[in-house]
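Colleague: Can you keep this structure in mind? I'll have questions shortly.
The values are calculated or read from the model by the stated rules, or taken from the named source; none is laboratory data. The shown structure was predicted, so the numbers you read here are calculated from the model rather than taken from an experiment. Positions of Cβ are backbone-derived with ideal geometry, glycine not excepted, and every protein chain shown enters the neighbour counts. For accessibility, only protein heavy atoms count, side chains too; no ligands or nucleic acids. Shrake-Rupley method; radii C 1.70, N 1.55, O 1.52, S 1.80 Å.
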Amino acid sequence: MTRRDFGKAATTVAGTSLLPAGLVQFARAADHLSIRRFPKGFVWGCATASYQIEGGANEDGRGETNWDVYSHTPGKIHNNDNGDVADDSYHLYKDDVQLLKNLGVGAYRMSLAWSRIFPTGKGQVNQKGVDYYDRVIDELLKNGIEPYVTLFHWDLPTGLAGGWQSRDTSKAYGDYAAFVAKHFSDRVQNFMTINEFICFTDLGYLVGQKAPGMKLPPSELFQIRHHGILAHGLGVQAIRANGNAKTKVGLAENPNVFVPVMETDEHVEAAKKATRIGNAPFITALMEGKYIDEYLQTAGAHAPKVEAGDFKAIGSKLDFVGLNVYTPTYVRADSSPLGFSVEHFQTNFPNMTSPWLRIGPETAYWSVRNICDNWKMPTLYVTENGCSADDVLTSDGRIEDTERVMYLRNYLMNFHRAISEGYPLKGYFLWSLMDNFEWEDGYNKRFGIHYVDYKTMKRTPKLSAEWYKQVIAHNAVE
Ligand code: PNW
């Protein structure tokens, strides 16, 4: 007997008062859980980012960015690919809106290329760049899809001397955010300031694996990270000052997600503690409006220079927090001074086709719970979740990405658990609508639920797109 059958049988029998009320309650709860229905009004969407899909790199006055330079530097990107053409969404955006409409999503998370709007990062507005985003946003709205707009998804105008090493970049970002809010807030309600701090700070300036590909000494990183979160703070203030009464502002962050090795009090507590300390430079600083002692001790003499007012901006209250959720970090309680330690991965721990993307469905649940248990949270969205897979077309032109469906289903079941326990998760944006330029992996890693043939630019729905369409239609993961 399945749980569902049991639920039905118990209810029937209960009708004739043969079962104790407690058991009936249990059966109903079990029935409810096996369907995993999402709350009414839950926002279903897909996500993309400007440099990864747009192409049109030299069109209509777009200025050069760090990713143009980096991807054109031989040896930096798999196969020396670049985003000059990408998915050509610059021209094909109407087709892409139809893909979204066909899925039945209510929302689309997209990003703006700063350098289309301010080609050198500041100064004169480039009207043609603004016109492009007006066209995209209007097309979305015409099709009943709400745009959720990220202002910075890593493509930084090279006109900003010093990049994120310079405090001026944070200030320029604030001015850009003011313009965006003033111009678009009549049609866009939800803005995300910044996507994933660690990727454009640590990975860009220390590890050198993303643009601008620098390998600076760790001591310099503290200031660069500070400029990142300062930009966010100035952005929040600018968006609030220039948006309207309906404007909502948040960000899309990928905190390190600590998953307790066992669900016992001590390990759960360890995961909570690790979340606060392990994300000290970013989400912790935003939520607490300061750098915590543990972080300042690590930084020592290299602690960032913080000016008056910085943390007033950085700690600004947000309307929502967006989480990009992918991979787990397993943690256990121990007797070390911090009270926890991170487990190493055995070599056979499973991953999707991107080696970093380890498969830990419970990451979804703990991403929400750890954040909410540490800080009082307003609304949460999953602003990204998805995976790469080695997709190939079958002879009859289909993509049978059963492993992506497996991944998505299991992560979604765990997000559902968080909702069923009362955590305020209000929406989910799948990464990604379609295959696209996967940064240093070029076009070699496919994250889309639509397959893109890069020769013809044809988009083909994968099995996962069919599956996601069902999830949305039923508002449930079955
Ligand atoms: C995100 N990690 O990046 C980005 O926001 C997207 O632009 C990107 O395409 C997508 O995830 C898939 O990679 C991440 O190592 C990159 O944990 C790396 C990690 C997480 C997110």
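Colleague: Check each of the trypsin sites (Lys or Arg not before Pro) in the range 332-378 and keep only those in coil by DSSP with at most 13 other C-beta atoms within 10 angstrom; list them in order. Write down the numbers at each step before the final one.
Modeller: Working: sites: 332, 358, 369, 376; in loops: 376.
Listed in order of number, the matching sites are 376.
Colleague: So, in Å, what gap is there between the alpha-carbon centers of the range 324-345 and the range 226-284?
Modeller: The range 324-345 and the range 226-284 have Cα centres separated by 18 Å.
Colleague: Can you work out ³J(HN,Hα) from phi for every residue in the range 149-154, in order, using Karplus 6.51 cos²θ - 1.76 cosθ + 1.60 and θ = phi - 60°, giving whole Hz and x for Gly and Pro?
Modeller: Rounded to whole hertz, the list is 10, 8, 8, 9, 10, 5.
Colleague: Continuing with the same structure: Please list, by residue number, everything in the range 216-249 whose backbone N is under 19 Å from a paramagnetic label point 7 Å out along Cα→Cβ of residue 317.
Modeller: Only 233-249 fall inside the zone, counting backbone N under 19 Å.
Colleague: Please sort 431-443, 209-221, 36-48 by packing, taking for each peptide the average over its residues of neighbouring beta carbons within 10 angstrom, highest first.
Modeller: Numbers: 431-443: 22.8, 209-221: 15.8, 36-48: 19.4.
Final packing ranking: 431-443, 36-48, 209-221.
Colleague: How much length, in nm to one decimal, is gained on full extension between residue 135 and residue 84, taken as 0.36 nm per residue of separation minus their Cα-Cα distance? Don't skip to the end; give the middle numbers.
Modeller: On the way: separation 51, 0.36 × 51 = 18.36 nm, distance 2.05 nm.
That works out to 16.3 nm of additional length.
Colleague: Let me ask something else about it. Where does helix 89-103 land angle-wise versus the long Cα axis of the chain, in degrees 0 to 90, nearest 10?
Modeller: With both axes taken from Cα atoms, the answer is about 10 degrees.
Colleague: Right, another one. Indicate, rounded to the nearest 5 percent, the antiparallel portion of the DSSP beta bridges found entirely in the chain.
Modeller: On the way: 10 of 44 bridges.
Counting only bridges with both partners in the chain, antiparallel ones make up about 25 percent.
Colleague: Quick check: at a probe of 1.4 Å, how many percent of the accessible area of the chain sits on carbon and sulfur atoms?
Modeller: On the way: 10160 of 19490 Å².
Heavy-atom surface of the chain belonging to carbon and sulfur, 1.4 Å probe: 52 percent.
Colleague: Going through the cross-link list 128/248; 171/317; 76/317; 317/426; 94/248; 76/455, which pairs have a Cα-Cα distance over 29 Å in this structure?
Modeller: 76/317
Colleague: Sticking with this one: Take 453, 186 and sort them by solvent-accessible surface of the protein heavy atoms, 1.4 Å probe, largest at the top. Walk me through the intermediate numbers first.
Modeller: Numbers: 453 50, 186 110 Å².
Sorted descending by solvent-accessible area, the residues read 186, 453.
Colleague: Return the aspartates and glutamates within reach of residue 376: Cα separation strictly under 17 angstrom, same-chain partners fewer than 8 residues apart disregarded; answer none if there are no such residues.
Modeller: The qualifying aspartates and glutamates are 253, 269, 288, 319, 421.
Colleague: Shifting gears a bit: Roughly speaking, what is the centre-to-centre gap between the range 120-169 and the range 370-419 when only Cα atoms are used, to the nearest Å?
Modeller: Centre-to-centre distance over Cα atoms comes out at 27 Å.
Colleague: Here's another thing I want to ask about it. Please give, to one decimal in nm, the separation of the simple spin-label points placed at residue 264 and residue 101, each 7 Å out from Cα toward the Cβ.
Modeller: Distance between the two pseudo-spin positions: 5.6 nm.
Colleague: So for the pair residue 473, residue 214, with labels modelled 7 Å out along Cα→Cβ, what separation do we get in nm?
Modeller: Spacing of the two 7 Å Cα→Cβ label points: 5.2 nm.
Colleague: A further question on this structure: Under a 1.4 angstrom probe, counting protein chains only, how are 258, 345 ranked by accessible area, largest first? Please report the intermediate quantities before stating the final value.
Modeller: Numbers: 258 10, 345 60 Å².
From most accessible down to least: 345, 258.
Colleague: According to the Kirkwood expression over distinct Cα-Cα pairs, how big is the hydrodynamic radius of the chain, in Å? Write out the running numbers ahead of the final one.
Modeller: Values: mean 1/r = 0.0429 Å⁻¹.
Every distinct Cα pair counted, the radius reaches 23.3 Å.
Colleague: Follow-up question, since we're still on this one. With r as the distance between the Cβ atoms of residue 373 and residue 335 and R0 = 22 Å, compute the FRET efficiency 1/(1 + (r/R0)^6) and round to 0.05.
Modeller: 0.50
Colleague: Nearest 0.05, what FRET efficiency do residue 58 and residue 426 give at R0 = 25 Å with Cβ-Cβ as r? Let's see the in-between values first.
Modeller: Details: r = 39 Å, r/R0 = 1.56.
Calculated value: 0.05.
Colleague: Using the heavy atoms of the protein chains and a 1.4 angstrom probe, tell me the accessible area per residue for the chain in square angstrom.
Modeller: Details: 19490 Å² over 478 residues.
That works out to 41 Å² for each residue.
Colleague: For residue 348 and residue 297, what does the FRET efficiency come to when R0 = 35 Å and r is the distance between their Cβ atoms, rounded to the nearest 0.05? Intermediate results must be reported in sequence, preceding the final value.
Modeller: On the way: r = 36 Å, r/R0 = 1.04.
Computed FRET efficiency for residue 348 and residue 297 comes out at 0.45.
Colleague: Give the relative contact order (percent, whole number) for the chain; include only Cα pairs under 8 Å separated by 6+ residues.
Modeller: Details: 972 pairs, mean separation 80.2, N = 478.
17 percent.
Colleague: A follow-up question, please. Which of the peptides 296-304, 76-84 is most tightly packed, and how do the rest follow, judged by the mean count of other Cβ atoms within 10 Å per residue? List each step's numbers first, then the result.
Modeller: Working: 296-304: 13.6, 76-84: 17.9.
The densest-packed peptide leads the list: 76-84, 296-304.
Colleague: How would you rank 466-474, 61-69, highest first, on the average number of other Cβ atoms within 10 Å across their residues? It would help to have the intermediate numbers written out before the result.
Modeller: Details: 466-474: 16.7, 61-69: 21.6.
Ranked by mean Cβ neighbours within 10 Å, highest first: 61-69, 466-474.
Colleague: Stretched out fully, how many nm does the piece from residue 142 to residue 171 gain, at 0.36 nm a residue minus the Cα gap? Each step should come with its number before you reach the end.
Modeller: Values: separation 29, 0.36 × 29 = 10.44 nm, distance 3.45 nm.
Extra length available between residue 142 and residue 171 comes to 7.0 nm.
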